[in-house]
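Working notes for the structure below.
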Amino acid sequence: MAKSLYVCFLLLFVANCLASRDQGRQQQQQQFNECQLDRINALQPDNRIEHEAGRTEVWDHNQDQLRCAGVAVVKRTIDSNGLHLPSYANAPQLHYVIQGRGILGIIFPGCAETFEESEESQQGQRGERGQGRREQQEREERGRGRREQQQGQGQRFQEQQQDRHQKIRHIRQGDIIAIPAGVAYWSYNHENSPLVIVSLLDTSNNDNQLDQNPRRFYLAGNPEEEHQQQGQRQQGQSGKGRRGQQGQGNNIYSGFATEFLSDVFQVNEETIRQLQGENDDRRNIVKVQGGLSVIRPRESRQGEEEEEEREERSRERREEQERGHRRGGRGGNGLEETICTLRIKENLNDPQRADFYNPQAGRISTVNSFTLPILNNLQLSAERVVLYRNGIYAPYWNINAHGILYITRGRGRIQIVDHNGNQVFNDDVEEGQLLTVPQNFAVAQQAGNEGLEYINFRTNDNAIINPLVGRTSAIRAIPEDVLANAFQIPLQEARQLKYNRNEDILFSGSESRSQEGYIKL
């Protein structure tokens, strides 16, 4: 009897596994069907949202090539003293800082508030705050209400409490920043020039258990919806997405009852209505009057920052090796013991940081799960490509990832070829355009007279390419006689195919160029 029950349980378990596998296959098949692309286009943003202190430009994630890659892309410009309100998304994110400097706060759940002010600095810092926004808002609008509502020990504790919060990071041009799915963050521009960030959301990632639609959840304000769903596309073309009804906010607190939140926060209902964003028309990026005062270390200059980053990477490698020794040599995933102090950014702007360099062609800097371990969890990576005038990135194919290219500067020409040898893209690209290179499709790039720079987001934490030309190419790995017979050419020409180019993947341009400065592909 027991044996029969065991067999029945085993059969039920196997059937359940097969059903789950079939369901997974159906989901994969649906995604694979999105990649039947006869034509790829260089995309401009489809929607632009103006905020009080900046703007958001959004590419329609329902575009065929973005659905193929399973991603959504947003470009955010934060003006001086602009605060991008705290929010989280249903998918892992990679941010690239195109321009400017700022600060970033990430709220890792369960981690300690390691930044705190001392009693000596508390009075001075609060005095500075009193000169700006806090003096006006707390004394005139909220101060009276709080003094009336909060009395006794609770009030005395609040007055004596020093501010403390989780770690704040400085960000600057060239930074790649990794944000896990469901983790909230905020950013602020403390400089005079704009802070510009392009962001990729990997909606096809396993960490997103909703659907392929990107969703952003705001913790404050009355934000405008950035990623419109199918039924909202016509509404969004006018430059406005869905917002909360008049007098009602659109953040995550807005849906809760005011009385309930007042009870759980132990504050008055007027404060809760502010929390819920009622009658707030500032949208997603707000202006901080008088500047933002937070606890943060002194910002170092670029050279010091780069040295600190190198030291941090070395320290992280040493810690990982020590953890591996304690486990008897078993390597960890870089996450389980260091989530609260995890390094979440890497700067790709320094030429000395380049992984590939050719003084006549350009340089390439990559970041993957080996250089930034958090990417192992996100299953994403990136490369920054800088091609000098007429420089060529050798033709290659992506072995295990889609590539999503955002042009940050200059002009050039890109060609993409599908599995049938058909050109699905052969055109010029320029700053501000977005282009998808599907997995296994072949691609070649050449800069124009102005050079060409772009960030390439990839949907694998250890993305691998296979060049078609050069020292590490597939051609080099094939015997000469095989090449001669495959291409029906003499053996001497087969040798030329293999050995004429000794560079790796960055080539200088040929003498025969078009008027634009690059070879017509």
Problem set entry | Length added when fully stretched, Ile475-Ser293, from 0.36 nm per residue minus Cα-Cα | 59.7 nm
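Students often check this: by mean Cβ neighbours within 10 Å, which of 55-66, 254-265, 340-351 ranks highest, and how do the rest follow? Don't skip to the end; give the middle numbers.
Values: 55-66: 20.2, 254-265: 13.2, 340-351: 18.0.
In descending order of packing, they fall as 55-66, 340-351, 254-265.
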Exercise. Simple spin-label model, 7 Å along Cα-to-Cβ: Arg282 to Asn420 in nm?
Worked result: 5.4
Problem set entry | Charge dipole magnitude, Cβ of K and R +1, D and E -1 - the stretch 349-470, Cα centre, debye nearest 20 | 180
Seminar exercise, completed: If amide H atoms are modeled at 1.01 Å from N in the peptide plane, then the residues at a separation of 5 or more from Gly448, or on another chain, having amide H under 5 Å from its own are Asn390, Arg411, Gly412, Arg413
Exercise. If R0 is 56 Å, what FRET efficiency do you get for Cys111 and Asn41 from their C-beta distance, rounded to 0.05?
Worked result: 0.85
Exercise. At what distance in nm do the modelled label points of Phe487 and Phe265 sit from each other, each positioned 7 Å from its Cα along Cα→Cβ?
Worked result: 6.9
Problem set entry | Per-selection Kirkwood Rh - the stretch 349-470 (Cα, Å, 1 d.p.) | 14.5
Problem set entry | In the stretch 416-513, trypsin sites (Lys or Arg not before Pro) in a DSSP loop with at most 13 other beta-carbon atoms within 10 Å | none
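What does the net charge come to around Glu503 if you take all other residues with beta carbon closer than 14 Å to its beta carbon, with K and R at +1 and D and E at -1? Please list the in-between numbers first.
Details: positive: Arg363, Arg471, Arg476, Lys498, Arg501; negative: Asp504.
Net of charged neighbours comes to +4.
Taken together, the values in this text are just the output of simple stated rules run on the coordinates, not laboratory data. This one's a predicted model, so the numbers in the text were calculated from it and none came from an experiment. All Cβ positions, glycine included, derive from the backbone under ideal geometry; neighbour counts span all protein chains shown.
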